[in-house]
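Student: Below is one structure. I have some questions about it.
The values are calculated or read from the model by the stated rules, or taken from the named source; none is laboratory data. What you see is a predicted model, and the numbers here were worked out from it, not measured in a lab. Positions of Cβ are generated from backbone atoms using ideal geometry, with glycine treated the same way; all protein chains shown enter the neighbour counts. Ligands, DNA and RNA are excluded from the accessible area calculation, which covers all protein heavy atoms including side chains. Shrake-Rupley method; radii C 1.70, N 1.55, O 1.52, S 1.80 Å.
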Amino acid sequence: MIINHPLLGPRDASEFTYLGDASLIDRPDWQSETAAQDFYEYQYLRDNPAGLHQELWFHESGDRSWLVVTRNTLTHEITDVQLARDVARARGRSK
Amino acid sequence: MTQQNRISGGQIDTSQTLKFTFDGKQYTGHPGDTLASALLANGVRLMGRSFKYHRPRGVLSAGSEEPNALVELRGGARQEPNTRATTVELYNGLLANSQNRLGSLKFDLLAINDRLSNFLTAGFYYKTFMWPAAFWEKLYEPIIRKAAGLGSLSLKEDPDVYDKGFLHCDVLIIGAGPAGLAAALTAGRSGASVILADEDFRMGGRLNSETFTIGDASGADWAAATVAELASLPNVRLMSRTTVIGAFDHGIYGAVERNNDHVATPDEGKPRQTLWRIYSKQAVVCAGALERPIGFENNDRPGIMLASAMRSYANRWAVAADKRVAIFTNNDDGHRAAADLHAKGVKISAVVDTRADAPRNNDYEVLVGAQVIDTKGRLGLTFADVRLADGSERTLECGALGMSGGWNPNVHMTCHQRGRPVWNDDLAAFVPGADLPAGMTVAGAANGDFSTAGAMASGVIGAKSALKAIGLKAKTTKLPQAEDAPINISAFWYVKEGKGRAWLDQQNDVTVKDVKLSHQEGFRSVEHLKRYTTLGMATDQGKTSNMGGLAIMAELAGKTIPEVGTTIFRPPYTPTAIGVLAGRARGQEFHPKRLTPSHHWAKEQGAVFVEVGNWLRAQWFPQKGETHWRQSVDREVIATRKSVGVCDVTTLGKIDVQGADAAEFLNKIYCNGFAKLAVGKTRYGLMLREDGIAMDDGTAARMAEDHFVVTTTTANALGVYRHMEFVRQCLFPDMDVQLISTTEAWAQFAVAGPNSRRLLQKIVDPEYDISNEAFPFMACGNITICGGLRARLFRISFSGELAYEIAVPTRYGDALMRRIMEEGAEFDVVPYGTEALGVMRIEKGHATGNELNGTTTALNLGMGRMVSKKKDSIGSILSEREGLNTDDVLMQVGIKPVDPSKPVPAGAHLMNLTGPVDADHDQGYVTSACYSPILGHHIALGFVKGGGNRKGEKMRLVSPLTKVETEIEIVSAHFVDPEGERLRA
């Protein structure tokens, strides 16, 4: 597999480490009244789509960027790659 | 020995003679021969024995699809089992032996299996060896393993080198037959970077094996001229002896190049084979087609082969399969074999054609609408029995019989990503489907374009479409005239007459009967058929046999062949040596070796090393007279606790954390608080996973307001860094914090023991006061040593002694170790290894990976109160889950034997003094154990249910497997200096 790194261009998948669903970015608010339930769902519940899937890859043997890769789980086609940091900001995460 | 079957012509160099040995007998051949062609030239038809019945077998094919002629190639450590004689390039001195036999190849004692065939049908394993169960392991399995199987391994280390390499290209062309050569010409002349790979040692594919002309030249000459032109193009890389074994994601192909399989021994330093990873923008599969045999009784005798193979041997290798041959065909192509051999002066007994409208073009006999119904000849074909169209029977005398059941396009590569081939009625064969891997096109016979002209034209089209896809313009390539005969076939899979066995899969001994039996017993899916009968599961993966099985299955089920479908094609395309997949990553080179800065010094001291991850660490330092490791370890512990010891702890992960939000960031990753840690202080930190389980522990030293140095355990250095980057980039992207791993930038040594300060005072520059008052327990700071060398000093202790860790830039690590030993001589300083380190931390009750084992929480570790509720940190919310916080939760404790002479082995479980010993009554387990030279008996750390309240309780430590049952007492985990007075001294 080849991942088209937004800063470094096409890189072999063997340079990366896979983590999982990019929903891991959406860490719940620890002070919410439903925090216990929210964290349980965040930690354990995942969609398992047959098709497009946003997932986190770490460029471990490279520039150490976390990336959000949109991959088709049926064909392995990769249609989008973004810096996870940009995705996190776009989803409203800050400090 | 003369080459009695050698005829004229061919692409071999008869000016040179090569000697080779098969089963101890010497033969000769010529450059350009394969082992199979040379054996046939010498009249050797019998080359192997089948897997199950040990039937005598000869070559079926002339290529990599060969099921029968498998040999053990070479001898000694280089012996290679299951090597297809049809692909082995002959070299002088070649040594090969037949395999899978007991006794000689001609008198194989296991041929008795053939007489027992009624008991050895499909699924016989499941039916025959059912009971008694105890017989399976002791009796049945050893016998079956002995009788079945193919070649044997040398069981010696492979002395050869295998390499890996990476290649990039615009267009990868797989196969250098007429289609592949035409595609390569088109792409090459257009300036694209091209790789043309072919498994054969001579490019040209079927052009080398047929008598067709292209333009004015023979096909073989045109191929040679085309290869010469391609070789002159700088943008084209020709890779013969290279099998593309798999099509992977995103245009990546795996290929094995056999660099030096065609010589006895590779030159010094040269690889035998290379595994290439080819990154292509586009690929054109020109893998050709494979001829299929026909099923009829006793169709497996040596001398019976594919008609196309017969032509290959005659036209390319100048070998007549026999003096007298017959052909059995269901299509026009089979007649070519008769015509070619006839032209070479070989006697054609007859052409047996199943079709009523079979052509007659020559002056040999064509038996129209006839079928071969049986054959004779124990170790090689002598006669073939034919049922004529009028129902009468006739016997043909022949030493070779060519079978032509039509051609299967080689769709393998097109299916590696779940693509399925589709049925083509005109060809009576599967052709590539529409769902090809991205960037792949298929041309030539692989795509069902069987004629030479058709293959070349589709090669040009394939190359053009590949070029277009990457934005290159194709130059027009004018092709010379070539043969363009139409396909004329009527599907015919097997002869229905006869009670005997008709072989489909010759390597795994699967017959038409077996397929019928499997259907009768209810195996209706093609995948089930395959696994029940083992059809297509041999080393040839059923390249010549699967189609026949599918056709019979379809017939029995009353379905069409496409309804039955094919099994899944998976890489590798042909058997691939484990050695080439491993490449150089074997033995000591299996993974990179990381050496500590004091490694060379430790080696000089005669240290014993242990692998810790990729690191080699000194385990202990044996001294003269010490004969057991415990003597060395006990001495190191006692000496350190008495005076001073030094240990290289560079391997612990070091992560530099800088930025205005550095403290806030540590607050997130550690469950305990760091915001209020003063500059110049160090704190122990426990890191949780989000699920509340402990991930790692270490220290964070605040070197400045916005600068921390974090340590991790050796094993988790990589994972912790990855996790910290995840938290930084994905969870808190606007924090002003930067991370970098500095594990290898700093050499770090633990200097421990009551004299450690006195020793360090001799090294640390005098302007730095490291007295207890100025530099107390948990202090840290930037200092200089040895007259100006920058260093970091941390007053932290894993051993429980007054201790420091001192870090210098890595390149000074060796010198610092030597200086410490020199300056420490007056204190009798000792180096200590990981064993003594482990003993001292168990004595002190410090947890490591044994305790932070991926199942334990902060509470389990006795650090429950460290998890701050006042701030957000990873894992804090889920660590509060009810199930992790019950009253009888496992708690870390110390364990000592009631009888001090008894050991307390790690891994043992704890049970109450009375009551049953079983999992239901399990009270906990031992995680770390050692002999404490300070206490004079064994001690251990472990987890016990409700451990906090059980100190002083006596329990049973059990290990039923090793028959251990020892009475122990639960004690505090702090065996040595429980008040921590030594630390603060």
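Student: List the pair-distance distribution P(r) of region B:716-870, using every Cα-Cα distance, as the percent of pairs falling in each 10 Å bin from 0 up to the bin containing the longest distance, rounded to whole percents.
Tutor: Per 10 Å bin, starting at 0, the Cα pair percentages come out as 9, 29, 34, 22, 6, 0.
Student: For the pair A and B, how large is the buried accessible area, both sides, in square angstrom to the nearest 100, if the probe is 1.4 Å?
Tutor: On the way: alone 6520 and 41080 Å², together 44590 Å².
The summed interface area works out to 3000 Å².
Student: Taking Cα pairs under 8 Å and at least six residues apart, what relative contact order does chain B come out at, in percent?
Tutor: It rounds to 9 percent for chain B.
Student: Which whole-angstrom value gives the distance between the alpha carbon centres of region B:918-985 and region A:1-58?
Tutor: Each part reduced to its Cα centre gives a spacing of 41 Å.
Student: Read phi for every residue in region B:236-241 and hand back ³J(HN,Hα) as whole Hz from Karplus 6.51 cos²θ - 1.76 cosθ + 1.60, θ = phi - 60°, with x for Gly and Pro.
Tutor: 10, 10, 8, 10, 7, 6
Student: Let me ask something else. Taking Cα centroids, how far is region B:645-665 from region B:1-71 in Å?
Tutor: Each part reduced to its Cα centre gives a spacing of 67 Å.
Student: How big is chain B by the Kirkwood estimate over distinct Cα pairs, in Å?
Tutor: The Cα-based Kirkwood calculation yields 33.7 Å.
Student: A further question follows. Could you work out the mean count of beta carbons from other protein chains within 10 Å of each residue's beta carbon in A:82-92?
Tutor: 3
Student: At 0.36 nm per residue, and after removing the present C-alpha to C-alpha distance, how many nm does the segment from B:Ser232 to B:Thr21 gain when stretched out fully? Before the final figure, lay out the partial values.
Tutor: Values: separation 211, 0.36 × 211 = 75.96 nm, distance 3.82 nm.
Contour length minus the Cα-Cα distance gives 72.1 nm.
Student: Could you report chain B's accessible area per residue, 1.4 Å probe, as an integer in Å²?
Tutor: 40 Å²
Student: Quick one: pull the percent of accessible area on region B:18-113 belonging to carbon and sulfur, 1.4 Å probe, ligands and nucleic acids left out. Provide the component values of the computation, followed by the final result.
Tutor: Working: 1470 of 2740 Å².
The C+S portion of the solvent-accessible surface of region B:18-113 is 54 percent.
Student: Based solely on its DSSP helices, what 222 nm [θ] is calculated for chain B when runs of n ≥ 4 H residues each add -39,500 (n - 2.57) and the sum is averaged over all residues, nearest 500 deg cm²/dmol?
Tutor: -5500 deg cm²/dmol
Student: Further, regarding this structure: Of A:Gln54, A:Ala88, A:Phe16, which is farthest along the charge dipole of chain A in the positive direction, counting Lys and Arg as +1 and Asp and Glu as -1 at C-beta?
Tutor: A:Ala88
Student: Can you tell me which lysines have their Cα less than 26 Å from the Cα of B:Lys624? Leave out same-chain residues fewer than eight positions away.
Tutor: B:Lys624 reaches B:Lys603, B:Lys642.
Student: I've got another one for you. Under 5 Å between amide hydrogens, which residues at least 5 positions from B:Gln738 or on another chain qualify, with H placed 1.01 Å from N in the peptide plane?
Tutor: B:Gln658, B:Gly659
Student: Any chance you could list the semi-axes, whole Å, largest first, of the equivalent ellipsoid that the Cα gyration tensor gives for region A:2-90, using √(5λ)?
Tutor: Numbers: eigenvalues 134, 48, 21 Å².
They are 26, 16, 10 Å, listed from largest to smallest.
Student: Taking a cut-off of 16 Å between Cα atoms, list the aspartates and glutamates near B:Lys156, but don't count ones fewer than 8 places away on the same chain.
Tutor: Straight-line reach from B:Lys156, under 16 Å: B:Glu72, B:Glu80.
Student: Can you compute 3J(HN,Hα) from phi for each residue in region B:679-685, using the Karplus curve 6.51 cos²θ - 1.76 cosθ + 1.60 with θ = phi - 60°, rounded to whole Hz and x for Gly and Pro?
Tutor: 4, x, 10, 10, 9, 6, x
Student: Run the reach check for B:Lys164 against lysines, Cα to Cα strictly under 17 Å, same-chain hits fewer than 8 apart removed. What comes back?
Tutor: Answer for B:Lys164, where 17 Å is the Cα cut-off: B:Lys270, listed by chain and number.
Student: Can you flag which of B:Lys323/B:Lys543; B:Lys902/B:Lys945; B:Lys681/B:Lys945; B:Lys530/B:Lys559; B:Lys654/B:Lys681 are past 25 Å Cα-Cα?
Tutor: Table pairs above 25 Å Cα-Cα are B:Lys323/B:Lys543; B:Lys681/B:Lys945.
Student: For an R0 of 41 angstrom, estimate the FRET efficiency from the Cβ-Cβ distance between B:Leu935 and B:Leu961 and round to the nearest 0.05. All intermediate terms of the calculation are to be shown ahead of the outcome.
Tutor: Values: r = 28 Å, r/R0 = 0.68.
Computed FRET efficiency for B:Leu935 and B:Leu961: 0.90.
Student: What ³J(HN,Hα) values, in whole Hz, does the Karplus curve 6.51 cos²θ - 1.76 cosθ + 1.60 give for region B:341-353 when θ = phi - 60°, with x put for Gly and Pro?
Tutor: Running phi through 6.51 cos²θ - 1.76 cosθ + 1.60 with θ = phi - 60° gives 5, 4, 5, 8, x, 7, 6, 9, 4, 4, 9, 9, 10 Hz.
Student: At 4 °C and 1.567 mPa s, grab the translational diffusion coefficient of the protein assembly as shown from Stokes-Einstein with a Kirkwood Rh over Cα pairs, rounded to a whole number in µm² per second.
Tutor: 38 µm²/s
Student: With +1 on each Lys and Arg Cβ and -1 on each Asp and Glu Cβ, and nothing else charged, work out how big the dipole of region B:886-985 is about its Cα centre, in Debye to the nearest 20.
Tutor: I would put it at about 260 debye.
Student: What is the calculated FRET efficiency for B:Lys347 to A:Thr73, with r their C-beta to C-beta distance and R₀ = 56 Å, to the nearest 0.05?
Tutor: 0.35
Student: Determine the distance separating the Cα centre of region B:392-455 from the Cα centre of region B:552-624; give it in Å without decimals.
Tutor: 36 Å
Student: What order do B:Arg728, A:Arg85 take when sorted by accessible area (1.4 Å probe), most exposed first? Show your work: numbers first, answer last.
Tutor: Numbers: B:Arg728 25, A:Arg85 60 Å².
Accessible-area ranking of B:Arg728, A:Arg85, largest first: A:Arg85, B:Arg728.
Student: Starting from the 7 Å offset along Cα-to-Cβ, what nm value, one decimal, do you get for the label separation of A:Trp30 and A:Lys95?
Tutor: 1.5 nm
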